[in-house]
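A.B. asks: This is the structure I have questions about; it appears just below.
Here, each number is a calculation from the coordinates, and none is a lab measurement. A quick note: this is a predicted structure, and the numbers were derived from the prediction, not measured. Reconstructed Cβ throughout: ideal geometry from the backbone, glycine too, with neighbour counts over all protein chains shown.
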Amino acid sequence: MLYSSSGANPCQDYSLHDCDPVAECFSEQPGYFQCQCPKGFTDASTDKRFPGRKCVRAVDECALGRHTCDPHADCIDTHQGYTCKCRSGWSDTSLDPLRNPGRSCKKADMCSNIDCAAEAECRETPIGPMCQCVSGYVDVSRQHGRPTGRVCRAVVNECAEGRHDCSSHATCIDTADGFTCRCKDSYRDESADTVKHPGKVCVRTVIPDPPECDVSDPMSCDPGKREVCIFVENTYKCRCANGYSRLPDGRCVVINECAEPRLNSCGKNAECIDLAEGYTCQCRSGYADISPASQPGRICRARVNECSNKEKYNVDCSENAICVDTEHSYTCRCRPGFADVSASFNKLPGRRCIEAINECASPSLNDCSKNAFCEDAKEGYICSCRPGYVDNSPNAARHPGRICTKPVEQIKTDLKDTSFSTDDGCDPKHPKCGANEACISRHGQHTCECIETAFRYTDGSCRVYSACSKINSCDKNAICLNRFDSYTCQCRPGFIDLSADLANAPGRICKELINECASSDNECSPYARCIDATNGYACQCLDGFIDVSSRYNKPPGRHCTNSNNECSEKSLNTCDENADCVDTPDGYTCQCYGGFVDVSSNANLPPGRVCTVQTTCPKQKTDLVFLIDGSGSIGSYVFKNEVLRFVREFVELFEIGRGKTRVGLIQYSDQIRHEFDLDQYGDRSSLLKGISETQYLTGLTRTGAAIQHMVQEGFSERRGARPQQNDIARVAIILTDGRSQDNVTGPADAARKLSINTFAIGVTDHVLASELESIAGSPNRWFYVDKFKDLDTRLRSMIQKAACPSPTKQETPIDDVCNPRTQTGCDRSLNEHCAVDGGRPRCVCPEGFTRHPLTRVCGGDLCNPQLITSCIFPEECQITPYKNFRCACPDGYNRDYRSGFCVSVKEVHISPQHDANCHNGGLRCSENERCTNDGSDWFCECLPGFERIRNGQCAYPGSCNPNDPMSCDVRKRQQCLPHGNIYTCQCGRNERRHPITDICLKNECLTGEHDCDRSARCIDTDESYICACLNGFIDHSPNPAERPGRVCVALQNECLDGSNR
């Protein structure tokens, strides 16, 4: 701050300060002043202690095209001007390369001095020369500490070709740079160097059998080793997932993903290279890799030099630009002397190049006021009044700086005696000065004077003339323009005005005009077209691709797929053999059969890749009798290859032995034949042989007589049955393909009286559902399949789950101690989590999961996050602390204490007190309920043949309440419709039920029951439908991430059609 000897404001008189003419002068106290260069100027003052003495216009010659760089050089803006630098692959041949580099650039041979491997090719790229191993070779340069393409090794599978020295008791594992060996189970590695060269010497050793794992416990096997709990030889063991083997460190990650296309995601023009852990993809020679950085070789495009044939490849560079070939495609660069204004027209760089004219260089080329700054722009120029001047231009909002007025303090003589007179005194403690006035002391007297940024106008009032010098709301990329008593803002050239009130408050939000499509600043799918917009950009999937972005809650064009139906052939998907493949718009997902636990997450695999049967049958002593239909309608081939196959697979679940599970087989038609009795076979192999040797009977169907014979004879002690005991289950599985020609009700009742757990399977549509239910005695114990091939593991798991019920678990007592660090001490199969509660560790439900009143599990069933219907509405599939997935109530919902369904917190039922139960008269059981005791408490349970539905009542299985809109699962689009004397959840007319997801399928696109814009494409999905705007239209839907394609607006050139403002 400098001092002026005069006591007046030195900024009011140019002779009293030495600021640059364009600088702003500030005087905060009489006699002192400061200088500051305005926006758009650089401070070039020689003494940094005294800024604002020399201000130089800041001009970006590179952006304005006012430079002399070679077309193959980069222009770099500097404070002093600019400099040029020849691009990679071009040598500098300028006359004065030290002081004026980059003015002349000549094509250089980048590959002339590069040391690529003999098996690699050198390519020139924008970032320099690059070596790439050719097809048939893998790049192992990094293992040797070299740059890429310096060491290439032929892709050889030494393990497959026998070119290895692994022990005969070791597994050979192929790797990128050779192979490694791992001793097989039950063998100890005694190689000379077990770290660098394992598996060369393997010695047999006795290794104790690993303990049994719990398929319900997600931590029962080591997730760090990616082990899964698998059912083998009637017990559960931790093993590698099918197809995987172990590395020497024990991790289950070894699989040859390159052996089958379904195991990898390499592009069709790429080579798959197997690694010891995972795989990589490499585009073939002649193809450019345009894949995402983290996934090489997924998208390979043929290398083409579009610039060599502009007409053939529709190169759209401006006539004043040069075409530059790139790895992905091509780009355009405006020639020296031309400015790139492509962004103003929503075009890619170099598509619109105009001559760079500096209108500010000569007053004849612009109409700025002599008291205004002229700032050159790519297109035209902008004027702004100098500090201390007010903008009085007729249209200052659009064309400022044309008339700039210097405020002059002048007071009419007849106003000298008014309250505006500067002679009036004022009280500094209670000033009563006018607008824009302050009570100031001068020569010992206080008077009302205009504030610093105001002057005394002709009417005596103080008018503000420099509002911009104070705090204002202009965007940092806007020019502030002084007006009388106010200011206005205008976005600088190269910026677009996105202010909320353009008419009254412009220049508050200024966004730089950037074409996100020209860089990596966009999230468009590689299979989408990027469309630049004035405010941002839009993505649109290419023809032949489906936009599934809304499934990921993303705006349109972020996820595009052209997936085929991978579920049509097993070779196209990786679903477990005990899982269903569900086709989706963006690929497929896998869903484990009912009765199987999805343990895929333990192996770090997607859902449904590893499914383990959940059974307690091996632990249960059982007398199991098969009663199978051998009537003439079945046929010898089907009997041998389907019926007996099913029986063989079913007994695999049981531990066979006279003290464990005994199996008997009776075949019937209009005659009955004992194939073998319950005590005939005491081991698995002889039992399986006996099943296979069963001969087809043929004849009529008399099921009633056969059941009666099974009850009286098949389960008799003389046929090997054990005396009735609580620890021995009696199970009968009856398989028939037609209506019985006699009565089945009486014999079936007799079976139940003898505690025979009966299951009925009907094959073909000849069987009556009512007859099957009469045999089984419960709607949960009869099954129907269309054909004999459906006698599969899915059906087997459903029957075994009912035949061998798991005991209901109880939560861990609150007093039990657990370890929060190791997560031990809690029942993880119940999704319990050890956390510090009240100062001590306790077993609690994880956040977001509430205890189910019936199963006692924290949360609902295990679920598939890729399949919305794997949870009943309104439950959501959430990840647990153990990395598997369970259904959980969403916010605003709690579990009903009776049914366990998630209901709104407004209608949730409160559990009654324990001293008011159904036994002591405190609680009355409802219809279809009975009062029972579990050993500790009395409670109401549903009668046999009934189940608890969403409203907590006991009703016929599958029934619903037509007055409750939530009675049926809305995700499955079911309706509560009449079915005989009851209402059940059904699909509507002209709809069919999905065989796996149970969704009622309807093609809204075909029926017109959709709200897609008429300029959008309707894509049918199982759950509903997706709308996607057609090419040439932009998605302006209110919620494009979740509901795209509802409002599609045609791409418009406002400049051409005259609709611009």
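A.B. asks: Under a straight-distance cross-link criterion of Cα-Cα below 26 Å, which lysines are reachable from Lys196, leaving out those fewer than 8 residues away in the same chain?
C.D. replies: Lys184, Lys225
A.B. asks: I've got another one for you. From the cross-link list Lys237/Lys621; Lys406/Lys470; Lys39/Lys85; Lys237/Lys787; Lys883/Lys906, which pairs have alpha carbons spaced over 25 Å apart?
C.D. replies: Working: Lys237/Lys621 21 Å; Lys406/Lys470 18 Å; Lys39/Lys85 28 Å; Lys237/Lys787 34 Å; Lys883/Lys906 32 Å.
From Lys237/Lys621; Lys406/Lys470; Lys39/Lys85; Lys237/Lys787; Lys883/Lys906, over 25 Å: Lys39/Lys85; Lys237/Lys787; Lys883/Lys906.
A.B. asks: Follow-up question, since we're still on this one. Skipping prolines and chain starts, which residues have an amide H placed within reach, meaning under 5 Å, of the one on Arg558, given they are 5 or more residues away or on another chain?
C.D. replies: Those qualifying (amide H under 5 Å, at least 5 residues apart or on another chain) are Ser525, Ser549.
A.B. asks: Sticking with this structure for a sec: Could you work out the local net charge near Ser369, counting Lys and Arg as +1, Asp and Glu as -1, over the other residues with Cβ closer than 10 Å to its Cβ?
C.D. replies: Numbers: positive: Lys370, Arg386, Arg402; negative: Asp367, Asp391.
Around Ser369, the surrounding residues sum to +1.
A.B. asks: Report ³J(HN,Hα) in whole Hz for each residue of region 601-618, in order, from the Karplus equation J = 6.51 cos²θ - 1.76 cosθ + 1.60 where θ = phi - 60°; Gly and Pro get x.
C.D. replies: 4, 5, 8, 6, 10, x, x, x, 8, 9, 10, 10, 5, 9, 9, 10, 4, x
A.B. asks: Where both residues lie in region 2-57, what percent of DSSP beta bridges are antiparallel, nearest 5? Could you put the intermediate results ahead of the total?
C.D. replies: Values: 8 of 8 bridges.
Antiparallel bridges: around 100 percent, rounded to the nearest 5.
A.B. asks: Continuing with the same structure: Go through (1) 0.99; (2) 1.11; (3) 1.05 and flag the label whose value is the computed Rg/Rh (Cα atoms, Kirkwood Rh) for this structure.
C.D. replies: So the calculated entry is the one marked (2).
A.B. asks: Which of the peptides 926-933, 721-728, 852-859, 981-988 is most tightly packed, and how do the rest follow, judged by the mean count of other Cβ atoms within 10 Å per residue?
C.D. replies: Numbers: 926-933: 13.6, 721-728: 11.9, 852-859: 19.1, 981-988: 15.2.
For the peptides 926-933, 721-728, 852-859, 981-988, the packing ranking is 852-859, 981-988, 926-933, 721-728.
A.B. asks: State the extension gain, in nm to one decimal, for the chain segment bounded by Asp937 and Ile354, taking 0.36 nm per residue of separation less the distance between their alpha-carbons.
C.D. replies: Details: separation 583, 0.36 × 583 = 209.88 nm, distance 8.78 nm.
Working it through step by step, the gained length comes to 201.1 nm.
A.B. asks: How charged is the neighbourhood of Thr745? Take every other residue with its Cβ under 12 Å from the Cβ of Thr745, and add Lys/Arg as +1 and Asp/Glu as -1. List each step's numbers first, then the result.
C.D. replies: Values: positive: Arg752; negative: Asp742, Asp749, Glu771, Glu773.
Net of charged neighbours comes to -3.
A.B. asks: Work from the charge dipole of the chain (Cβ charges, +1 for Lys and Arg, -1 for Asp and Glu, about the Cα centre) and give the residue of Leu867, Pro820, Gln540 farthest towards its positive end.
C.D. replies: Pro820
A.B. asks: Grab the Cα-Cα distance for His79 and Glu277, subtract it from 0.36 nm times how many residues apart they are, and report the gain in nm with one decimal.
C.D. replies: 66.1 nm
A.B. asks: Same structure again: Below 12 angstrom from the Cβ of Val156, what's the summed charge of the other residues (Lys, Arg +1; Asp, Glu -1)? Walk me through the intermediate numbers first.
C.D. replies: Values: positive: Arg153, Arg163; negative: Glu158, Glu161, Asp174, Asp177, Asp274.
Once all neighbours under 12 Å are counted, the net charge is -3.
A.B. asks: Rg(Cα) of region 51-135 divided by 2.2 N^0.38 Å?
C.D. replies: Values: Rg = 18.1 Å, N = 85, 2.2 N^0.38 = 11.9 Å.
Dividing the Cα radius of gyration by 2.2 N^0.38 Å gives 1.52.
A.B. asks: Name the residues whose placed amide hydrogens come within less than 5 Å of the amide hydrogen of Arg1017, ignoring near sequence neighbours (fewer than 5 apart) on the same chain.
C.D. replies: Ala1028, Cys1029, Leu1030
A.B. asks: Per residue of region 564-573, in order, report the coupling 6.51 cos²θ - 1.76 cosθ + 1.60 (Karplus, θ = phi - 60°) as ³J(HN,Hα) in whole Hz, putting x for Gly and Pro.
C.D. replies: 8, 7, 5, 7, 5, 9, 4, 6, 9, 9
A.B. asks: I need to check one value: relative contact order of region 384-512, counting alpha carbon pairs closer than 8 Å and at least 6 residues apart, in percent. It would help to have the intermediate numbers written out before the result.
C.D. replies: Numbers: 261 pairs, mean separation 24.7, N = 129.
Relative contact order, region 384-512: 19 percent.
A.B. asks: What ³J(HN,Hα) values, in whole Hz, does the Karplus curve 6.51 cos²θ - 1.76 cosθ + 1.60 give for region 342-347 when θ = phi - 60°, with x put for Gly and Pro?
C.D. replies: 4, 4, 5, 10, 6, 10
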